[in-house]
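The values are calculated or read from the model by the stated rules, or taken from the named source; none is laboratory data. Remember, it's a predicted structure, so these values are computed and weren't measured experimentally. Because the Cβ atoms are built from the backbone with ideal geometry, glycine has one as well, and the counts that use them run over all protein chains shown.
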């Protein structure tokens, strides 16, 4: 049984809110080309994402607010970081647009579902988790290479590392967006609540 009286139950949400507050500083330091600080903050954000999820599951400190704000913080971090890197020509523009459009579609889908049938039970798929993990790894490696130019080549990564990585992330992002629409359109069709709103 979860301890609903312990103030520590709010810890996962506090960590998530901290991650949300890191979005603008990361964008600022990237724009200032202070990539080392941006990398440090991005790493803290990534670690906090794993920590709040672990605490929520381990101690059953799951809340409706956490279920909403956690994916929102992830999407906002991804969209803003990709957008700033893309605008500074450190990230392919087409991949930037694909990631942003896909995440905006996901958010629009959640809001539409909520308006029609109430807030959905959001359960990330393994495919979605893999896509997000690879996107984070790509951004981390880019910030690492911008902070320490030539580092990735110094550890033996081939010259076509990024072109291949870009294509892998692009394909997975497109498939993830398509699977999201397929799964959630089907769920909405089977959800009796949306018919009550007509």
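For segment 91-101, state whether one or more residues are free of Cβ contacts under 8 Å to residues at least 60 places away in the same chain, within 19 Å of residue 148 (Cβ to Cβ) and either in a loop (DSSP other than H, G, I, E, B) or over 12 Å from the mean Cα position of the chain (by Cα) (or both).
The answer is yes, given that some residue of segment 91-101 is free of Cβ contacts under 8 Å to residues at least 60 places away in the same chain, within 19 Å of residue 148 (Cβ to Cβ) and either in a loop (DSSP other than H, G, I, E, B) or over 12 Å from the mean Cα position of the chain (by Cα) (or both).
Return yes or no: is residue 170 modelled with pLDDT under 90 and assigned to a helix (DSSP H, G or I)?
Here the answer is no, as residue 170 does not meet what is asked.
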